[in-house]
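Read through the structure below, which is laid out as structure tokens, and then see the notes.
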Amino acid sequence: MKNIFKIMLEVGSALLTITACNVEPEFHSEVSPDTFFDSKEAVLQRFYRPFTHARWTFAQDASYFYAQELSADTFCNPVRGGQNAARDEDYKIHYHEYPVSFAMSHQCYISRMAGVARCWATLNDLSEVKLSQFGFTEEDWNNWKAQINTMAGLYYLQGLDLYGGLPLYSEPAIEEKPRSSASDTFYFIEKLFWDSMPYLEKKTELGGEERGDIRQGMAAVGLMRLYLNAESYIGVPMYDKAAKVAQDILNGVYGTYALDEDWTVTFGFENDRSKEIIWSIPSERAQLETDAYYLYGRNMPHRMSYYFGGLTASAGENIMCLTPSLDGFGVPYTTKLGRPFAKFNDADLRKKPYNYLGNGKYEGMFVYGELVNPSHPEWKVTGKYEYSGQVLNVVDYIACKSEGGTESSMETGEENSGVRLVKFSPRPNINDVGMLFNPDIPLARLSEAYYTLAECKLREGNASEAADLINHVRKRYFEGGNDPDPCPSNMDKWRMLDEWMIEFLGECRRRTDLIRWGQFTEGEWWDHKPDGANKAYLARFPFSSEDIDASENLEQNEGYTK
């Protein structure tokens, strides 16, 4: 695998080698870009710096996942005996209890604004370098600017989604700016994407290597997301624009992509050759390893490494799980929202228990039932607390069954409570340890264009076409493409919300989808009751008191204590 993150690692090693060859100090009366950037490697290292921040922000930092998924109807962090007994923020977020001292909100905000700052600092530094002396062309420079502008747009887009209006910068900050309106932020982002588009590379090889750089397809996805949520962002419906961009993506206007016939290719060990992925964070064993730890490590049982024969870096913290489909008596919940595991049809290939088959192949997307490796029955996961010494049986309910309890709430979890999701960075067995960390982390997939177009069709009253688009994606998840429960021609918003959940479970978008459909504060799932119409402000997070106190210009969002 060859990608910009691996290149950056090589560049860093080369620079260390160069430095090691000459330890004598060299003094300059003046430091300028031409004296600092004295090699092609140094220039590339500077250009790639925002990408390393993106790797952390988009693929490793738990704060955004918690904001998007724990606040919604898909995931939860229940109390498990003594675990999480302090009822920390990741517990309270389930009930939409957002204190102004919110550390999660601080991390989300500072990561995105720091990303923007790194983007503009990079362009500012490189603009003063004579790039031609290192063999770079004007076309290279235009492409670099477009990639960095697009990345800044993606940071701002997530910030708009989380907080509304933001301080807008287009160059390194000399003075701190106040917040702009949500509308100004929206159109600022739109311009970044559209202005970048002509200078970005277009992917032309179907299944060609995804390298981690930003191409036209990702700028188009950014626009599609912006337009799809315009009504909830600025009160102006733009579903027609979202549909146009989605259709253009599907038509290949912004690059050559296609659905993967096998979903395990999209998330699997060689997914840098996926036909479906539009942008991903590269990962490679012993290079720059990335595994979206917030999704794997935080939600797997403590001794999950035993399931893989003692595979390193594969235990879990046993904190997170899916919201339950069954109550403490084993009776299915009937709310329209939530119940993610139950929403997968029993014939869905993804619903099999996760099992690594060897040679980079695997099946199933969930961890549930008795945790005994099907290929190696001697590899077992045993309990550590309530079920110490017993093979852990992971269940789709949350209740203190070991104590005879039937109450199901965030207070009543045990170590086996809740189904776990395996999506990003699936694990091999110990005999294939060299494949650990080889899966890249997909951040945008072609299926999103299908679902976006489907929602826009549904909103314009064409449910039949919406169903056809979704069913085109769904069929790959069933043997022979025979889906026993396809979307009907009269599908409604509830089925649309279910399909967004099923296809993109764990991909950091559920809160956004609920807000767009008016269900984030008014919907009900598991033990989460509707906030009520007077709590609509909860659709935006508060700025943390840490950020407010550090700024003279950052105004708190309406509804929160200043």
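Here are some notes:
- Beta bridges per DSSP with both ends in the chain, % antiparallel, nearest 5: 80
- Positive minus negative residues near D240 (Lys, Arg vs Asp, Glu; Cβ under 10 Å): +2
- Computed on the range 142-239, with alpha-carbon pairs under 8 angstrom and 6+ residues apart, the relative contact order is 31 percent.
- Couplings 3J(HN,Hα) for the range 342-356, derived from phi with the Karplus relation 6.51 cos²θ - 1.76 cosθ + 1.60 (θ = phi - 60°), are 5, 6, 7, 4, 4, 8, 5, 4, 5, 7, 5, x, 4, 8, 7 Hz, where x marks Gly and Pro.
- Residues whose amide H falls under 5 Å from that of T290, counting only those 5 or more places apart or on a different chain, are E284, with hydrogens built in the peptide plane.
- Taking other C-beta atoms within 10 Å as the exposure proxy, D291, D88 rank D88, D291 from fewest upward.
- Residues whose amide H comes within less than 5 Å of that of L443, counting only those at least five positions distant or on another chain, are W279, S280, I281 (H built at 1.01 Å from N in the peptide plane).
- Packing-based ranking of 266-278, 460-472 yields 266-278, 460-472, ordered from highest to lowest mean Cβ neighbour count within 10 Å.
- Principal axis dimensions, the range 416-562 - Cα atoms, whole angstrom, descending: 59, 50, 32
- Remark on G413: its backbone amide H falls under 5 Å from those of V79, G81, a criterion applied only to residues 5 or more positions apart or on other chains, H modelled at 1.01 Å from N.
- Counted charge near N318, where neighbours are those whose Cβ lies closer than 11 Å (Asp, Glu -1; Lys, Arg +1): +2
- Selection from L349, P167, I278, by position along the positive dipole direction of the chain (Cβ): L349
- Counting charges near R511 (Lys, Arg +1; Asp, Glu -1) among other residues having Cβ under 11 Å from its Cβ returns a value of 0.
- 3J(HN,Hα) from dihedral phi, the range 103-118, Karplus parametrisation 6.51/-1.76/1.60, rounded to Hz, x for glycine, proline: 5, 4, 5, 4, 5, 4, 5, 5, 5, 6, 5, 5, x, 4, 4, 5
- Pairs from K351/K384; K384/K423; K241/K475; K241/K343; K203/K352 whose Cα-Cα separation, in the structure shown, is over 32 Å: K203/K352
- Cα-based Rg / Dmax (Å) for the chain: 23.9, 77
- Using a cutoff of 8 angstrom between alpha carbon atoms and counting only pairs six or more residues apart, the relative contact order for the range 421-562 works out to 12 percent.
Since every read-out is calculated from the coordinates, none of them should be taken as a lab result. Keep in mind that this is a model prediction, so the values were computed, not measured. Cβ sites come from the backbone with ideal geometry, for glycine too, and all protein chains shown count toward neighbours.
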